[in-house]
1. Could we say that P98 is more than 25 Å from M230 (Cα to Cα), open to solvent by 100 Å² or more (accessible area, probe 1.4 Å) and over 26 Å from the mean Cα position of the chain (by Cα) here?
2. Need the failing condition index for C195 against (1) more than 8 Å from the ligand (Cβ to nearest atom); (2) at pLDDT 95 or above, just the number.
3. Output the residues belonging to segment 148-193 that are open to solvent by 40 Å² or more (accessible area, probe 1.4 Å), in a loop (DSSP other than H, G, I, E, B) and of a type outside the set (G, A, S).
4. Of (1) out of contact with any helix residue (DSSP H, G or I) (no Cβ under 7 Å at 6 or more places or on another chain); (2) more than 8 Å from the ligand (Cβ to nearest atom), G285 satisfies all except one. Which?
5. Step by step: first the residues of segment 194-203, then only those that are in contact with a Phe, Trp or Tyr (Cβ under 7 Å, 6 or more places away or on another chain) and open to solvent by 40 Å² or more (accessible area, probe 1.4 Å), then the one that is farthest from V292 (Cα to Cα). Which residue is that?
6. For segment 33-45, does any single residue satisfy the condition of being assigned by TED's automatic domain parsing to the domain that holds E86, open to solvent by less than 50 Å² (accessible area, probe 1.4 Å), touching a residue at least 24 places away in the same chain (Cβ under 8 Å) and closer than 30 Å to E86 by Cβ?
7. From the list E181, E213, E185, E154, pick out the single residue that is farther than 21 Å from W304 by Cβ and not small (G, A, S).
8. If a residue counts only when it is open to solvent by 20 Å² or more (accessible area, probe 1.4 Å) and of a type in the set (S, T, N, Q), which strands (runs of 3 or more DSSP E) contained entirely in segment 235-340 have at least 1 such residues?
Amino acid sequence: MKEELEKIKKEAENSLQELKSIDELEKWFKEFLGKKGKLSRILKGMRNIPPDKRPSVGAFANEIKEFLKKEYSLKEKELKKAKIEEELKAKKLDITLPGRPIGPGHLHIVTQTLREIYKVFASMGFQIYEAPDVETEENNFELLNIPAYHPAREMWDTFWINDKVLLRTHTSPGQIRVMREYYPEPIRVILPGKCYRYEDITARSEHQFYQVEGLAVGHNITLTDLKGTMINAAKRLFGEERKVRFRGSYFPFTEPSVEVDMDCILCKGKGCRVCKYTGWLEIAGAGMTHPVVLKNGGYDPDEWTGFAFGMGVERPAMLKYGIEDIRYFYKNDLRFLRQF
Ligand code: FA5
């Protein structure tokens, strides 16, 4: 039996040397060391040899088994190394090839739209004032004449940070900050920034979006000034031929309050899917600053008057560029962004 084992060892060693691939090596393993391999088959014959000889034959068989296993690992390493070297040779990098050029980027469509709005209002003497995204409940609601439990709070579903702090639901709280900082100067500012609402995301609504607030406070400011400002802005932003109308509305921080509409850019007022067949599109909420708000800002409402407006940024941009879904703005899909 020992002779037979020696023979298998020789045979295994010889064929191992011939192997050229990992696949062949696996076959080799099966043939000699596998459960049904040659070595196992011989060991099954152990029961036919006299018991006194079994231990030494067994030890010899194990020695061969261990030896072949070691040889197998060495060969495996060798073949793997050869394979890697072959692959490296085949996939050699040509580092002298010129790289692919990276084109220059451009401003995001929201930034472009904001800058157009800044330009239009700057030409009417408005300065930009930046207020924080994280606001107090007091500025966002209380001082804007929306006390706790007032049903108007329902108009703005809120992301609360704690009982007193929230993510601003609109840019209007900035009005309080400007007034408190500017008093007793007259004011003409726009306040651009992100707003946050705990709302479902749909084709028309995001839970984060931009608004541009406007605030003018002075001694003789009237609704006519608000109308003139809004009409001028709409024409400059959406085309000289635009018509603008004002509808009575309600906001707790303005009195009277209006919605500002312009005739639909797409159907030119005839009625289409975008304007829901009314011929008009809403562009801003606005009104004359409520006396309570003026007072909260430090301005005496008997001496001062003001107007305010708040317009969206993404929705007007959607109209202008024919974008059907607001969700495209913040998906960061370059195929969309590169179009503008
Ligand atoms: C306001 O937020 C008032 N603060 C506006 C205002 C300011 C009125 C000053 C009077 C004086 P409103 O909730 O309607 O109003 O929002 C104003 C604009 O923000 C909308 O016309 C719309 O363009 C935009 N907007 C509101 N919610 C969303 C939303 N979920 N996604 C995208 N844009 C939105």
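The values are calculated or read from the model by the stated rules, or taken from the named source; none is laboratory data. The structure presented is a predicted model; accordingly, all values stated were derived computationally and were not measured. All Cβ positions, glycine included, derive from the backbone under ideal geometry; neighbour counts span all protein chains shown. These area figures cover heavy atoms from the full protein model, side chains too; ligands, DNA and RNA do not enter into them. Shrake-Rupley method; radii C 1.70, N 1.55, O 1.52, S 1.80 Å.
1. Yes.
2. Single failed check for C195: (1).
3. The answer is Y149, H150, D157, F159, I161, N162, D163, K164, Y183, P184, E185, P186.
4. (2)
5. That would be Y198.
6. Within segment 33-45, one or more residues are assigned by TED's automatic domain parsing to the domain that holds E86, open to solvent by less than 50 Å² (accessible area, probe 1.4 Å), touching a residue at least 24 places away in the same chain (Cβ under 8 Å) and closer than 30 Å to E86 by Cβ.
7. Details: E181 fails: farther than 21 Å from W304 by Cβ; E213 fails: farther than 21 Å from W304 by Cβ; E185 fails: farther than 21 Å from W304 by Cβ.
After applying the criteria, what remains is E154.
8. 244-251, 305-312
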